[in-house]
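All of the numbers you see were taken from the coordinates with simple rules; none came from a lab. Since we're looking at a predicted model, the values are computed, not measured. Cβ sites come from the backbone with ideal geometry, for glycine too, and all protein chains shown count toward neighbours.
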Amino acid sequence: MMHNITLIYGDGIGKEVIASVKKIIDYSGADINWDIVEAGYSAQERYGTPLPDHVTDSIKKNRIALKGPVTTPIGKGFRSVNVALRKQLNLFANVRPIKSYDGVDSIHKNVDFVIVRENTEDLYSGVEHMVGEDAAESIKIITRKASERICRFAFELARKENRKKVTLVHKANIMKLSDGLFLNSGIKCSKEYEDIQFEEVIVDAMSMKLVQSPQDYSVIVAPNLYGDILSDLSAGLIGGLGLAPGANIGENIAVFEPVHGSAPDIAGKNIANPTSAILSGIMLLKYIGEVNRAETIEKALKEIFKDRAKCTEDLGGSLGTREFTQEIINQMKG
Ligand code: ATP
Ligand code: MG
């Protein structure tokens, strides 16, 4: 079946890492018609805005996008292109798989969990004001609707990926109303998923447990802020941002993207590690039902990681982005 997918290269190393994943997905044989559009700096230059309407229209039409890191030109009427996209497409769930790979230096081995972060509310609603000159207030918004939606999403993901436990993270002992509502939404949801174990952990304790024994977790669901912090902490457990893929998902719509930024310091030098982008591409293939092709690519990647010499510089190897990409393709040939 042919899939129409929006492709955004993005800025900086985005051009290189997205070229890499596109090449690998095309090689896998997946039947994809890429609808290539520009966002970020290049769009700013060509269209006068970093997020032209035809970009969001393309994603709305295709329902799926693969995108590189996009920077927001300063003072162009957007707080952030990424936030604008999330809002316009109502991408309420941020999904970050955290997985360790043999051969990659990391603090922990045998880690395999997914963080599901609520993406639309909490302290990120942007409702802030000064109270007089010497105090400021930020409003934390938690709604039953968004909380139940994200918790249900986490349980559904657990079922789909055959994961046995959902851990809800909160601070309801202090924020009894807001985090209490989030916690109660999770408890309510858990009753509908008796096949999946449910536990709740307070965010400070969770931070310690994740550092000590990340192997104990399978699916973690959290409000926006805790999810944000725990995501980066977790990426640190398995070897850093360069290895962490991500997806922003809404109702029947999904945007897959590497977690790292545009890294202008190394852009255009053929040294960026495209792994985060490739893993995001693997998530995309699974999402559209191309599970076998996704697994072929992941298997090749795992083999490459076992041999330092075949890795990029950040992983202790000496290959460039393009050469690393070619190694993966050679490995896929078997
Ligand atoms: P942005 O402003 O878009 O966030 P950034 O420079 O902050 O860009 P980050 O992803 O935050 O980008 O990366 C921080 C640093 O980590 C980069 O400057 C780069 O040196 C390194 N880095 C990030 N991603 C990669 C990658 N894929 N491969 C190799 N090094 C990377
Ligand atoms: Mg950054």
Handout entry: Residues with amide H under 5 Å from that of PHE92, placed H, sequence gap 5 or more
Key = ILE249, GLY250, GLU251
Handout entry: the chain - charge dipole about Cα centre, Lys and Arg +1 at Cβ, Asp and Glu -1, debye rounded to 20
Key = 660 debye
Completion exercise
The alpha-carbon center of segment 1-33 and that of segment 175-253 are separated, in whole Å, by 29 Å
Completion exercise
Answer in debye to the nearest 20: the dipole magnitude of segment 26-107 about its Cα centre, from +1 Lys/Arg and -1 Asp/Glu charges placed on Cβ, is 500 debye
Problem - Antiparallel %, DSSP beta bridges [both residues in the chain], to 5 - result: 45 percent
Problem - Listed peptides 5-18, 161-174 by packing density, highest first (mean Cβ within 10 Å) - result: 5-18, 161-174
Exercise for the section: Please build a GNM for the chain, connecting alpha carbons under 10 Å apart, and tell me which residue among VAL131, VAL114, VAL95 fluctuates the most. Expected result: VAL131
Completion exercise
Relative contact order in percent for segment 131-273 (Cα pairs under 8 Å, 6+ apart) equals 22 percent
Exercise for the section: Tell me which residues come under 5 Å, amide H to amide H, from ILE32 once H is placed; ignore anything under 5 positions away on its chain. Expected result: HIS3
Practice task
With springs only between Cα atoms under 10 Å apart, run a GNM on the chain and tell me which of VAL127, VAL203, VAL211 wobbles the most.
Solution key: VAL127
Fill in the blank from the handout: Both in Å, the radius of gyration and Dmax of the C-alpha trace of segment 214-274 are 13.9, 40
Fill in the blank from the handout: Diffing segment 246-253: the Karplus 3J(HN,Hα) column from phi (6.51, -1.76, 1.60, θ = phi - 60°), in whole Hz with x for Gly and Pro, holds x, 9, 10, 10, x, 6, 6, 8
Completion exercise
segment 191-241: spread of alpha-carbon positions along the three principal axes, whole Å, largest first, is 35, 22, 19
Exercise for the section: Show that you can apply the helix-only estimate: for the chain, add -39,500 (n - 2.57) for every DSSP H stretch of four or more residues, divide by all residues, and state [θ] at 222 nm to the nearest 500. Expected result: -12500 deg cm²/dmol
Exercise for the section: Using only C-alpha atoms and all pairs of different ones, pull out the Kirkwood radius for segment 1-110 in Å with one decimal. Expected result: 15.5 Å
Exercise for the section: Starting at the first residue of segment 227-233, write each ³J(HN,Hα) from the Karplus equation 6.51 cos²θ - 1.76 cosθ + 1.60 with θ = phi - 60°, in whole Hz, x for Gly and Pro. Expected result: x, 4, 5, 5, 5, 5, 4
Completion exercise
In cubic angstrom per residue, the convex hull of segment 287-334 built on its Cα atoms measures 80 Å³
Exercise for the section: Give the Rg/Rh ratio for segment 177-334, taking Rg as the radius of gyration of the Cα atoms and Rh as the Kirkwood radius, to two decimals. Expected result: 1.02
Problem - Selection from VAL114, VAL131, GLY180 lying farthest towards where the dipole of segment 59-189 points positive, charges on Cβ - result: VAL114
Handout entry: Relative contact order of segment 1-112, pairs being alpha-carbon contacts under 8 Å that are 6 or more residues apart, as %
Key = 28 percent
Problem - Over segment 259-310, volume per residue of the alpha carbon convex hull, in Å³ - result: 90 Å³
Exercise for the section: With θ set to phi - 60°, apply the Karplus curve 6.51 cos²θ - 1.76 cosθ + 1.60 along segment 203-210 and write out the HN-Hα couplings as whole Hz, x wherever there is a Gly or Pro. Expected result: 4, 5, 4, 4, 4, 5, 4, 5
Handout entry: Rg/Rg_ref, segment 54-199, where Rg_ref = 2.2 N^0.38 Å and atoms are Cα
Key = 1.26
Fill in the blank from the handout: Taking every other residue with Cβ under 15 Å from the Cβ of HIS54 and scoring Lys and Arg +1, Asp and Glu -1, one gets 0
Practice task
For the chain, just the Cα atoms, rotate onto the principal axes and tell me the three extents in Å, largest first.
Solution key: 54, 46, 42
